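Single-structure report; data block below.
The values are calculated or read from the model by the stated rules, or taken from the named source; none is laboratory data. The shown structure was predicted, so the numbers you read here are calculated from the model rather than taken from an experiment. Note that we place each Cβ from the backbone using ideal geometry, even for glycine, and neighbour counts take in every protein chain shown. Accessible surface areas use protein heavy atoms only, side chains included; no ligands, DNA or RNA. Shrake-Rupley method; radii C 1.70, N 1.55, O 1.52, S 1.80 Å.
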There are 2 protein chains.
Amino acid sequence: MKRRQFFGAATAVAASGLAIPAIAQAAPKVSWRMTSAFPNSLDTLFGAAKLLSKYVSDATDGNFTIDVFAAGEIVPTAQAYDAVASGSVEAAHTAAYYYWGKDPTLQLPTTLPFGLDGRGMNAWFYYGGGNDLCNAFFNTQGIVAFPAGNTGAQMGGWFRKEINTPADFQGLKFRMGGFAGKIMQKMGVIPQSQPAAQIYEALEKGTIDAAEFVGPYDDGKLGLAKVAPYYYYPGWWEGAAALHAMFNKAKYDALPPAYQSILQSASQAVNLDMQAHYDFVNTTAIKSVVAAGAQLRAFSPEILKAGFDATNQVLAELSASNANFAKLLKSIQDFRKDYYVWMQVAELPYNSFIVQEQRAGAI
Amino acid sequence: MKRRQFFGAATAVAASGLAIPAIAQAAPKVSWRMTSAFPNSLDTLFGAAKLLSKYVSDATDGNFTIDVFAAGEIVPTAQAYDAVASGSVEAAHTAAYYYWGKDPTLQLPTTLPFGLDGRGMNAWFYYGGGNDLCNAFFNTQGIVAFPAGNTGAQMGGWFRKEINTPADFQGLKFRMGGFAGKIMQKMGVIPQSQPAAQIYEALEKGTIDAAEFVGPYDDGKLGLAKVAPYYYYPGWWEGAAALHAMFNKAKYDALPPAYQSILQSASQAVNLDMQAHYDFVNTTAIKSVVAAGAQLRAFSPEILKAGFDATNQVLAELSASNANFAKLLKSIQDFRKDYYVWMQVAELPYNSFIVQEQRAGAI
């Protein structure tokens, strides 16, 4: 408070005509709006935009403020990308893949089905040229974007009946994301697109047979265990879903370098923070959904293989017709090939041993 | 450059006696020194301190500078903690466990053998009360610290001969970290403590039988494949090693809130960045060390179990005699128990399937 009053005083001095243009330029008052793609009830997702806003405001002594609005308050989720591109809002916190219908290339900054896990995506974003490649595309749309959150591997969703073989997907009315739906169609699924708030009723009435959302913490709020108790894993179409902080490029470019840098470092901090948040709350939530009646089921190896084959078909089709998609895909796939060699050496054997001890009741 | 000149002009105005104390207080010139625990040849580790410094300087238009010094330039690694505590340097980038000899509690902010992986540590730090618990201890020593980097699961080290059973550790002269050495002593190891630069010669001459360092990227620079070709994994005593940015508490407390906030968010950004850096470079390095002659070997289940038992003995002994150690340990262990349940549901099955496809040559 004191600090803002002081800055107010300094601005008054500047307005009085004294020769201190420097201060105004170094820490100008900037007020932006950020539309979140999420309702504030999804506190892990919506909270990331709020944390980004807090980091930026705190770092600038309140001179650079970003007011965060929940989905639909100022812009519906489906329009957030266009709103930032046109500059009607300065910023959005959203997932690029919501806009894959505009161009399938927008699927890949969020997640590649059977692609890199969260750590792998970050290695690719920050050191494997991923951020630059993604922004080469975003820039053509008038957007600058930084990774700002990840859900980690999601769940495969809630099913009214058990799914034992790939044939069980035939004719299944499955509420799921757009790009994943395109893949699942090859497996015989009839993709559905109810808003989250309508999933419970649709499952209860049998309008749909299954629905996927995020993971136990977010899913648990929908209470689906009562109407579709078979809770499958893993959600191979979202082995890691990266969120992005998106900024109108012209407005971003006009910011002082210090503010640009703060947006970048704050986004990177938030990127870690959301994953930490999810890993903490999901740890409790997985027990809660089981207590509420969820019956955990692993997709069988045959189902995963069928999903993998269907994914590769779709990727090949899109690569053949879209050079931007093909370029991003190749970059991710090239890194994936080597990344999973290294993961087998240190990380996974370490975790496997601890999992074994957990199962034996030794930790 | 322009911006600094402007700020220089503003400072001149302030010095001339005009009534603008506000600016000086909101964005004062602060010049700190940070001693890194690492030589600049270890660019993933040393680079994290440099990145932190860059984020802070860029965010403040060069008003808050942190000059980073390599290990030994101004303070030897072993004295970095005391130097920050006393305020002879304002900051250090180091691993708390280097100072476990002062108090074993300092092992736990870095890593618990058979403890949480990197993601789990972050969930514990930021949402499981870990940072607060660690700082409750650091504060008593005059230090404020934030996680600022992680190596991920490390390798188990280079061995001149194969290690097939726990009995093969009897009398083994093994160069390794202090706390891990204390555990390994229970397995019959005779811990050694050569500086990194002397490892090659000690292995070549047979003065030591084995040596562990970090992972393939850092280890590869030492060229150990020629003198101790059996390269074991995983390094269960460092399943994730967290680095910390440490600050003298009195000097941190005297900073403007904006600068404090910038140190926190920049540290969190760096925390993610180092892991991303390691995951990228290790992916290439694991192939390079194998090409240079390293023969990858997994520690057998019996060896891991013997290590786990030895670890639990040491932890029980220390918990019985040190309340701070016991409190931190319990917090980590309580979270570990639940975290690895959740990891089994989504993350590990997802990665396991991709690993299987990698082995089959399908990715």
Exercise. Along Cα→Cβ, 7 Å out, is where each label goes; now give me the distance between the ones at A:Asn164 and B:Arg359 in nm to one decimal.
Key: 2.7
Quiz prompt | Length released on extending from B:Ser88 to B:Ser31, taking residue separation times 0.36 nm less the Cα-Cα span | solution = 19.2 nm
Exercise. Apply the Karplus parameterisation 6.51 cos²θ - 1.76 cosθ + 1.60, with θ equal to phi minus 60°, to every residue of the stretch B:298-314 and state each ³J(HN,Hα) to the nearest whole Hz, in sequence, with x for glycine and proline.
Key: 8, 4, 5, x, 5, 5, 4, 5, 5, x, 5, 5, 4, 4, 5, 4, 5
Quiz item: Ignoring ligands, DNA and RNA, what accessible area per residue does chain A give at 1.4 Å, in Å²?
Solution: 35
Practice problem: Using Cα positions and a limit of under 25 Å, work out the lysines in reach of A:Lys186, with same-chain residues fewer than 8 apart set aside. | Solution: A:Lys102, A:Lys161, A:Lys173, A:Lys305, A:Lys327, A:Lys330, A:Lys337
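Averaged over its residues, how many other protein chain Cβ atoms are within 10 Å of peptide B:298-309's Cβ atoms?
2
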Quiz item: Full extension from A:Val341 to A:Lys186: what is 0.36 nm times the residue separation minus their Cα-Cα distance, to one decimal in nm?
Solution: 52.9 nm
Quiz prompt | Placed amide H near B:Asn150: partners under 5 Å, 5+ positions off or other chain | solution = B:Leu243, B:Met274, B:Gln275
Self-check item: Geometric extent, Cα atoms of the stretch B:125-210 - Rg, Dmax (angstrom)
Solution: 17.4, 48
Quiz item: Longest segment of chain B with no trypsin sites (Lys or Arg not before Pro) in a DSSP loop having at most 13 other Cβ atoms within 10 Å?
Solution: B:162-363
Self-check item: Dimensionless Rg/Rh of chain B - Kirkwood Rh, Rg from C-alpha atoms
Solution: 1.01
Quiz item: Between the DSSP loop rule and a limit of at most 15 other Cβ atoms within 10 Å, which chymotrypsin sites (Phe, Trp or Tyr not before Pro) in the stretch A:89-131 are left?
Solution: none
Quiz item: Hey, for B:Lys186 with labels 7 Å out along Cα-Cβ, what do the inter-copy distances come to in nm, ordered shortest first?
Solution: 5.1
Quiz item: Could you give the length gained on full extension between B:Asp43 and B:Ala316, defined as 0.36 nm per residue of separation minus the Cα-Cα distance, in nm?
Solution: 94.6 nm
Exercise. Calculate how many DSSP beta bridges within the stretch A:159-304 are antiparallel, expressed in % of all such bridges and rounded to the nearest 5.
Key: 20
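Hey, any idea what the orientation-averaged projected area of the convex hull of the protein assembly as shown's Cα atoms comes to, in nm²?
With every direction weighted equally, the projected area is 31.2 nm².
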Quiz item: Each residue of the stretch B:321-329 in turn: what ³J(HN,Hα) in whole Hz from Karplus with 6.51, -1.76, 1.60 and θ = phi - 60°, glycine and Pro shown as x?
Solution: 10, 9, 5, 5, 4, 4, 5, 5, 4
Quiz item: Do you know the relative contact order of chain B, to the nearest whole percent, from alpha carbon pairs under 8 angstrom that are 6+ apart?
Solution: 21
Exercise. Obtain the nm distance between the two label points defined at A:Asn324 and B:Glu302 by a simple spin-label model: each point lies 7 Å from its Cα along the Cα-to-C-beta direction.
Key: 5.9
Quiz item: Karplus couplings for the stretch B:98-108 from phi (6.51 cos²θ - 1.76 cosθ + 1.60, θ = phi - 60°), rounded to Hz, Gly and Pro as x?
Solution: 5, 10, 4, x, 5, 6, x, 3, 5, 5, 6
Quiz prompt | the stretch A:87-170: relative contact order in percent, alpha carbon pairs under 8 Å with at least 6 residues between | solution = 18
Quiz prompt | Debye-sum result for the stretch B:40-185 in log10 I(q)/I(0), which assumes one identical scatterer on each alpha carbon, at q = 0.11 Å⁻¹ | solution = -0.52
Quiz item: Hey, got the average number of other protein chain Cβ atoms within 10 angstrom for residues in B:48-58?
Solution: 2
Quiz item: Considering amide H positions built from the backbone, and no H for Pro or chain starts, which residues 5 or more places from B:Leu172, or on another chain, come under 5 Å of its amide H?
Solution: B:Ile190
Quiz item: Within 10 Å of each Cβ of A:162-174, how many other protein chain Cβ atoms are there on average?
Solution: 0
Exercise. Would you mind counting up the charge near B:Asn40? Only other residues with Cβ under 15 Å from its Cβ, with Lys and Arg at +1 and Asp and Glu at -1.
Key: -1
Quiz item: In deg cm²/dmol and to the nearest 500, what is the mean residue ellipticity at 222 nm of chain A if only DSSP H runs of at least 4 residues count, each as -39500 (n - 2.57), divided by the residue total?
Solution: -16000 deg cm²/dmol
